[in-house]
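Before any comments, here is the structure.
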Amino acid sequence: MASLTIDNVKKRYGQTEILKGIDISIEAGEFLILVGPSGCGKSTLMNSIAGLEDVSEGRILIGDNDVTYASPKDRDIAMVFQSYALYPNMTVAENISFGLEMRKVPKAEREAEVQRVADMLQIGHLLKRKPGQLSGGQRQRVAMGRALARRPKMYLFDEPLSNLDAKLRVEMRTEIKKLHQKLGTTIVYVTHDQIEAMTLADRIAVMKDGEVQQLGTPQEIYDNPTNLFVAGFMGSPAMNFIPAKVVEQNGSYALELQASKPTVVPFPKPESLKAYAGKEILLGLRPEMITEPQPHKEGKEFVVTADIDVEVTEPMGADTMVLTRISEAEVNCRCNPAYPAKADETIAMMFDTSKAVAFDKDSGKRIDN
Amino acid sequence: MNNNAAKAGSGATQAGRPARLSLADWMPKIVMAPTAVAAIVCIYGYMIWTAVLSFTNSRMLPTYNFVGLDQYERLFMNDRWLVALSNLGVFGGLFILTCLFLGVMLAIFLDQKIRAEGAIRTIYLYPMAISFIVTGTAWKWLLNPTNGIEKMMIELGFEDFRFNWLSDPDMVVYCLVIAAVWQASGFVMALFLAGLRGVDSEMIKAAQLDGASIFTTYRRIILPSLKPVFFSALVILSHIAIKSFDLVAALTNGGPGYSSDLPANFMYAHAFTRSQIGLGAASAMVMLGCVLAILIPYLYSELRGERHE
């Protein structure tokens, strides 16, 4: 178990800068997730941590050891790959013990270790098979087993679930979380799936264009995104961004929206809007904050009920998503399925702006921080 | 309603349709027929004819005077045939092993993301485009002691340099190996290069993290995963070795004496120049047996593999 410190790491290929100065540090035993769209540099960063790619500048520390220039095998890390990368000519047992064999561990010890790992992952009955004879989920387990066998200081997971079907992915996600709780080892995990990031991580680093946009706990990132990109990337369906005009009201500031009729909603930190008085900003409001009128919320601060024009409804079972248009922007509302919202009708909705955030329209930065 | 219309429609065209349909049905068969007939007659027909002749005492012209296995008995009493067979063993073994080794090494070196890979690949592959006759002739000049490599080395000042394998009955078979390896190893390289390109790069990274050296990675992980390529290369090379005829004809013409004969040359000499058609046919059948011994397991595993998928 070891902490990980990434100190101003840059990576260039010729003139193109892939990583533009990454600073991340996590404690021993933490589960860090690197998340971001394709091409954001998350896999490059992962490969740099593993030592499979050199960095152009900066330092990488595992525990107190500077491993920036150490070869992959000397970093005491194990990696699970997207394609599983199992050795096709070896049996499952040989796959798991190969790393130990390379480190000259005696045969009896290797066998005991294979048995331990197989028991932990419930793959004991597969040990004599070749990877070609396994299903996707089984291969995934074997790939994890191979990583577990060496008891490294840190595990790296490179999009390990993206080759599995949806149902299996959810199962394996839980398995990985359980495994982390049981082992308590430091894990760095790359994914482009924000649900995986939310469910698994102790800390999430949201990346874009070779920069860390925000590093924080899943809840921090969900509730307090630092910019439009993070706000839009995390959460499904995504946060609504509603153009709103800052208006003065009783000596304070509030936001005016164009729902069915012009509506003024309060904002939790009105003083931060002062500089924007009379101008337009983007109001960030999660879909679950626009619901059918709920009696227990009635009359509370930051709660406003207003009519909206329903465009489409999407029943999802537990909730029904109601799509509407507010101030020319498409807006998702999360309603109780029993609420009689119908397409092309006008219906009342309750806006709860207690957790609303505001962004500058041009720069995309948070205003109210 | 829709259904009814369709029925009515098919009723209207019923008279014209079967004839048209059968013509369309027959067309591919008609087009394919000449090729099929040619293949059946010229390949399998003559194969059977050769098999029949090998049981007769035909000499200059085919006769049908059956003598049982006499020709095979004569064949394996014949010193020249035994020389040809042992030459095939030496030539085939060395040719296949050297080609595989060189081909694999070339492919591995070429796979290290080197510059001008395309040009180098073409250079190594080019010999395969040349006929064995040309290869044989070129190497005959190179290996000729009086005007080839030996002469060049002597002119360079190495007075004692001797490289006269071509005229040495014990060594001449190795000359065949040199020329054949030169021709075929580039092809093996191409096969393995394609295989190496198909290896999952994440697998190599995984091996690196597991602590395997480059040599171990190739020996334990990459090359074993290329087993099907080894198998294909082995089959292609061994049938080249068994049917080699033109290389010997051009490079040594079987000489000195008959010391560099291969079975194909033996067969040609007896069937067509020495009026021993029966004996030639018997030797041809033995060669066919060798080829089948390699091909049948290969085809079996290939076809079974397909069903497996």
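The values are calculated or read from the model by the stated rules, or taken from the named source; none is laboratory data. Predicted model, so just to flag it, every value in this text is computed and none were measured. In this analysis, Cβ positions are derived from the backbone assuming ideal geometry, glycine residues included, and neighbour counts consider all displayed protein chains. Note: areas computed on protein heavy atoms with side chains; ligands, DNA, RNA excluded. Shrake-Rupley method; radii C 1.70, N 1.55, O 1.52, S 1.80 Å.
Summary table below
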item: Listed pairs A:73/B:113; A:269/A:342; A:182/A:269 exceeding 30 Å between Cα atoms; result: A:269/A:342; A:182/A:269
item: In Å², nearest 10: area of residue A:195 left accessible to a 1.4 Å probe; result: 70 Å²
item: Convex hull volume per residue in cubic angstrom - Cα atoms of region B:42-198; result: 191 Å³
item: Hz values of 3J(HN,Hα) by residue in region A:28-35 - Karplus curve (6.51, -1.76, 1.60), Gly and Pro given as x; result: 4, x, 7, 9, 9, 10, 9, 10
item: Within straight-line cross-link reach of residue A:177, aspartates and glutamates at Cα separation under 19 Å, skipping those fewer than 8 residues along the same chain; result: A:27, A:30, A:119, A:158, A:159, A:165, A:193, A:196, A:202
item: Sequence-distant aspartates and glutamates (8 or more away, or on other chains) whose Cα lies within less than 19 Å of residue B:243; result: B:261
item: Of A:128/A:153; A:300/A:355; A:167/B:205; A:297/A:355, pairs whose Cα-Cα distance is over 21 Å; result: A:128/A:153; A:167/B:205
item: Residues of type aspartates and glutamates that residue A:130 reaches as a straight line, Cα spacing below 14 Å, ignoring anything fewer than 8 places off in the same chain; result: A:94
item: Inter-label distance, nm, simple model (7 Å from Cα along the C-beta direction), residue A:119/residue B:298; result: 5.0 nm
item: Alpha-carbon centroids, region B:71-121 and region A:309-369: separation in whole Å; result: 74 Å
item: Residue B:70-residue A:258 pseudo-label distance in nm [points 7 Å out on the Cα-to-Cβ vector]; result: 10.9 nm
item: Dimensions (Å) - the protein assembly as shown, Cα atoms, principal axes, largest first; result: 121, 85, 51
item: Sequence-distant residues sharing a close amide H with residue A:207 (under 5 Å, placed H); result: A:35, A:36, A:213
item: Distance-filtered residues of region B:189-221 - backbone nitrogen under 11 Å, label point 7 angstrom along residue A:109 Cα→Cβ; result: none
item: Packing rank of A:204-217, A:59-72, B:178-191, where each peptide gets the mean count of other beta carbons within 10 Å, highest leading; result: B:178-191, A:204-217, A:59-72
item: Mean residue ellipticity (222 nm) of the protein assembly as shown, computed from DSSP H runs ≥ 4 via -39,500 (n - 2.57), nearest 500; result: -14000 deg cm²/dmol
item: Over chain B, relative contact order from alpha-carbon pairs under 8 Å, at least 6 apart, %; result: 28 percent
item: Alpha-carbon radius of gyration plus Dmax, which is the widest Cα pair, for region A:51-207 in Å; result: 15.8, 47
item: Pair residue A:238, residue B:194: separation of 7 Å Cα→Cβ label points (nm); result: 4.4 nm
item: Relative contact order for region A:4-233, counting Cα pairs under 8 Å that sit 6 or more residues apart, in percent; result: 29 percent
item: Heavy-atom accessible area per residue - chain A, 1.4 Å, Å²; result: 44 Å²
item: Ratio Rg/Rh [Cα only; Rh per Kirkwood] for region B:109-148; result: 1.19
item: Semi-axes of the equivalent ellipsoid for region B:71-308, Cα gyration tensor, largest first, Å; result: 36, 27, 14
item: Globularity index of region A:240-359, i.e. its alpha-carbon radius of gyration over 2.2 N^0.38 Å; result: 1.03
item: Spatial separation of Cα centroids for region A:232-301 and region A:31-51, in angstrom; result: 35 Å
item: Hz values of 3J(HN,Hα) by residue in region B:136-142 - Karplus curve (6.51, -1.76, 1.60), Gly and Pro given as x; result: x, 5, 4, 6, 4, 5, 5
item: Binned Cα-Cα distance frequencies in region B:147-256 - 10 Å width, integer %; result: 12, 27, 23, 20, 15, 3
item: Viscosity 1.002 mPa s, 20 °C: Kirkwood-radius Stokes-Einstein D of region B:204-309 over Cα pairs, µm²/s; result: 125 µm²/s
item: Normalised alpha carbon radius of gyration of chain A [divisor 2.2 N^0.38 Å]; result: 1.19
item: Rounded accessible area of residue A:296 (nearest 10 Å², 1.4 Å probe); result: 130 Å²
